[in-house]
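Student: Handing you a structure now.
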Amino acid sequence: MLITELGYFALLLALVIALLQAILPAVGVIKHQVQWQRLAPSLSVAQFVAMSVSFGALMVGFIYNDFSLVYVASHSNSLLPWYYKLSATWGGHEGSLLLWITILSAWCMLVSVFSRALPLDMRARVMSVLGMIQTMMLLMLIFTSSPFERTLPNIPIDGVDLNPLLQDPGLIFHPPMLYMGYVGLAVPFAFCMAALWAGRLDAVWMRWSRPWTVVAWGFLTLGIALGSWWAYYELGWGGWWFWDPVENASLMPWLAVTALMHSLAVTEKRGVFKAWTMMLAIFAFALSLLGTFLVRSGAITSVHSFAADPTRGLAILMILGLVIGGGLVMFALRGWRLTVESRYELKSRETILIINNIILLVAMLVVLLGTLYPMLADAFKWGQVSVGPPYFNALFVPASWLLLAFMGIGANLRYKYDGRPFLATAFVCAISACVLGAVLTYLMGTLAEYAHFDKAVYITAVLSMWVLSFMVLDIKDKTRHATNLVEGLKKLTPSYYGMQLAHIGVLITALGVAGVSAMGLEKDVAMTVGDSVHVQGYDFYLQEFDEIEGANYDATRATVQVKKDDELITTLYPQKRNYVVSMMPMTEVGIRPSLFNELYIALGEPIINDEGKVTADTWAVRIYVKPMVRWLWLGAIVMALGGLLAMFDKRYRMKKLKNFDGWEK
């Protein structure tokens with residue numbers, strides 16, 4: 001098709017524009033050529049247009065079944081519904097990288113549009129760094145992973161089909177949202193490199209990059225939550241997190257950028273931790289590239305990894321090495337100019353924030369080691385090693401509890417030095433947290449109909465009440481000079497409310513994790529039509545099986561009525577699908593959503609009788625009761641809303657920047 005040829009031409013044009021964006025503004029800075037520096041925004045807009053045309057052309061190829069493209073033939077089929085054809089555009093390695101770079105061009109354009117208040121030379125530096133990243137990624141895409149490679153002259157009649165695991169609405173929303181977070185980490189990295197390049201290492205660049213960091217963090221939070229939700233209902237295993245290497249690949253940059261956000265806040269306000277903040281900006285983006293390497297290199301085996309090619313992995317690894325190496329070299333050459341603008345005492349918010357940063361990075365290293373160790377063991381012939389949930393849970397859970405403990409203290413302490421008596425306050429908060437935590441644990445158990453006491457739930461509940469107690473004290477402290485509480489609350493900034501809302505989201509997620517992990521139940525049974533099984537106060541009645549046909553699959557569907565005290569609660573319809581093109585079976589679960597007691601049922605396989613024959617009316621059935629599992633994703637939404645609220649702070653709406661040492665609002 002002509003349109004797909006146009007897409008390839010636009011991709012080549014994007015590479016040329018990216019090279020110009022990387023080179024011309026940089027030369028303009030070095031040669032003090034103002035006109036060349038002013039080219040950066042126009043080049044970023046042209047780059048976005050070229051990438052959008054290329055990406056749109058590939059989507060058209062999927063919609064119109066252009067099987068002359070190898071990528072379309074490998075990931076689509078004429079029977080595939082149109083909406084899955086669109087999402088199949090990023091359902092494989094080549095298309096997902098094209099989406100990655102398209103999103104990067106969008107970030108780059110947005111930075112150029114909304115950073116006009118920056119000094120011209122500083123903006124040129126930022127855009128040049130982003131252009132360098134785009135150039136490296138485009139070179140890899142065009143020469144190792146082009147989605148426009150042709151099948152000519154042997155054009156297949158039909159395509160292989162999209163992996164059935166990906167034929168789900170989750171593919172439509174999860175990868176774009178996750179990539180918005182992944183790729184967005186290039187922006188604080190670019191600001192960091194531009195500041196080192198300019199030798200202007202004050203807190204101004206951090207203030208300017210902070211809102212971009214918050215936005216990227218919000219997208220990454222929602223992307224991870226969507227991935228967890230997708231795996232929960234699609235895989236049929238009833239789990240919301242499997243410590244899978246691909247899942248870990250997104251968690252590691254999230255932990256790093258969470259530390260970066262807090263470090264940016266304290267550096268902007270107090271002028272401390274500058275070197276620490278710059279290192280976090282470098283490694284947060286490096287971890288996002290590491291995630292791309294893990295998913296697309298073939299170095300790991302995962303149910304989430306659908307493309308593997310060592311050559312492509314080597315290209316990503318080279319880019320990762322250039323980013324880390326270039327960042328560290330720049331830091332080594334210019335980092336000595338960093339100065340501390342203020343001091344702080346041990347009893348201060350700065351101390352608690354750096355402790356929380358350390359805990360976050362330790363948690364990240366725990367995940368990194370558990371993810372990479374099997375690869376290293378195999379590479380160095382140490383034998384086949386598997387690192388599973390016991391390792392991660394044993395180390396990550398205590399780190400999470402420790403983080404909550406210090407989060408509570410940090411929410412109340414003042415910057416620089418807090419001279420108020422703290423021990424009495426902490427003692428009162430601790431007693432209150434223990435009592436309120438016991439009440440909360442009881443309520444959670446009652447709502448989940450779980451009669452046994454669980455210490456993990458109690459510890460999490462106590463720590464949550466501990467954090468809330470200090471949050472209330474902090475609000476009281478910040479409104480103490482107001483005539484009344486309402487007037488005091490009106491004077492608090494959106495960034496403050498956003499911070500508190502994000503922290504509440506963390507608590508909601510933590511309680512959800514504790515509740516579903518400790519109180520969830522699972523039961524595997526063999527059921528025939530007319531059978532019933534009792535689980536956690538609910539009776540599951542298997543009414544019938546029937547055969548249904550979808551657009552590109554056949555399915556056996558069960559009808560299961562759920563009753564409690566002989567009263568009908570809901571009817572669930574789990575399915576076992578067989579996709580007619582790929583001949584792959586898939587499980588579609590039946591779920592009754594609930595904030596407190598979610599019901600989940602999945603069909604296994606038909607049971608083989610004593611004569612060795614498959615019986616059509618007796619199936620393996622897996623039933624779950626998932627208390628508070630929805631709190632996991634609700635907490636993530638609340639966190640992201642907190643980040644969005646912080647963006648409305650007037651400090652991030654700078655109209656003009658007189659010079660790089662002072663702001664004019």
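Since every read-out is calculated from the coordinates, none of them should be taken as a lab result. Computed from a predicted structure; not experimentally measured. Cβ coordinates were reconstructed from backbone atoms using ideal geometry, including for glycine residues, and neighbour counts include every protein chain displayed.
Student: Evaluate the distance, in nm, between pseudo-label points positioned 7 Å from the Cα of residue 332 and of residue 345 along their respective Cα→Cβ axes.
Tutor: For the pair residue 332/residue 345, the computed spacing is 4.0 nm.
Student: Given the Cα-Cα distance of residue 486 and residue 573 and 0.36 nm per residue of separation, how much length would full extension add, in nm?
Tutor: Separation in residues times 0.36 nm, less the Cα-Cα distance, equals 26.3 nm.
Student: Then there is this: Going by average Cβ density within 10 Å per residue, which order do the peptides 391-398, 186-193, 20-27 take, highest to lowest?
Tutor: So the order, starting with the most tightly packed, is 186-193, 20-27, 391-398.
Student: Using a simple charge model, +1 on the beta-carbon of Lys and Arg, -1 on the beta-carbon of Asp and Glu, nothing else, what dipole does the stretch 60-172 show about its Cα centre, in debye to the nearest 20?
Tutor: So the magnitude is around 500 debye.
Student: Once the piece of chain linking residue 607 and residue 120 is laid out straight, how much longer is it, given 0.36 nm per residue of separation minus the C-alpha distance between them?
Tutor: My answer for the length gained is 168.2 nm.
Student: A follow-up question, please. Using the 2.2 N^0.38 Å rule of thumb for compact globular proteins, work out how the stretch 108-237 stacks up: its C-alpha Rg over that value, please.
Tutor: Ratio of Cα Rg to 2.2 N^0.38 Å: 1.40.
Student: What ranking do 359-372, 580-593, 443-456 get when scored by the average of other Cβ atoms within 10 Å per residue, highest first?
Tutor: The most tightly packed comes first, giving 359-372, 580-593, 443-456.
Student: So the label point goes 7 Å from the Cα of residue 35 along Cα→C-beta, right? Which residues of the stretch 100-124 then have their backbone N under 19 Å from it?
Tutor: Counting only backbone N, you get 120-121, 124.
Student: A further question on this structure: Rank these for me by crowding, 553, 179, going from fewest to most other beta carbons within 10 Å.
Tutor: In order of increasing Cβ crowding within 10 Å: 553, 179.
Student: Going from the alpha-carbon gyration tensor of the chain, what semi-axes, largest first and in whole Å, does one get by taking the root of 5 times each eigenvalue?
Tutor: Equivalent ellipsoid of the chain: 43, 38, 20 Å, largest first.
Student: I'm a student and want to see the number: the projected area of the Cα convex hull of the stretch 521-626, averaged over all directions, in nm².
Tutor: Orientation-averaged projected area of the Cα hull: 7.5 nm².
Student: Cα convex hull of the stretch 1-167: how many Å³ per residue?
Tutor: 103 Å³
Student: So for each of 622-630, 55-63 I average, over its residues, the number of other beta carbons within 10 Å; can you give me the resulting order with the highest mean first?
Tutor: The most tightly packed comes first, giving 622-630, 55-63.
Student: Let me ask something else about it. Of the listed pairs 416/491; 564/626; 563/626, which have alpha-carbon separations greater than 18 Å here?
Tutor: Correct reply: 416/491.
Student: Please give, to one decimal in nm, the separation of the simple spin-label points placed at residue 386 and residue 443, each 7 Å out from Cα toward the Cβ.
Tutor: Roughly 4.1 nm, to one decimal.
Student: Can you sort 481, 174, 262 from fewest to most other Cβ atoms within 10 Å of each residue's own Cβ?
Tutor: Starting with the residue having the fewest Cβ neighbours, the order is 481, 262, 174.
Student: Could you name the aspartates and glutamates whose alpha carbon sits less than 15 Å from that of residue 347, not counting residues in the same chain fewer than 8 places away?
Tutor: Partners within reach: 418.
Student: For the pair residue 549 and residue 455, what calculated FRET efficiency results from E = 1/(1 + (r/R0)^6), where r is the Cβ-Cβ distance and R0 = 45 Å, to the nearest 0.05?
Tutor: That pair, residue 455 with residue 549, gives E of 0.35.
Student: How many angstrom lie between the C-alpha centres of the stretch 17-32 and the stretch 460-478?
Tutor: Cα centroid to Cα centroid, the span is 50 Å.
Student: Okay, moving on. Please report, ordered by residue number, every helix of the chain (full DSSP H runs) that is 27 Å or longer along its axis going by C-alpha atoms and whose mean Kyte-Doolittle hydropathy reaches 0.5.
Tutor: 2-31, 39-63, 93-114, 120-144, 274-296, 310-334, 349-379, 389-410, 423-447, 455-478, 494-519
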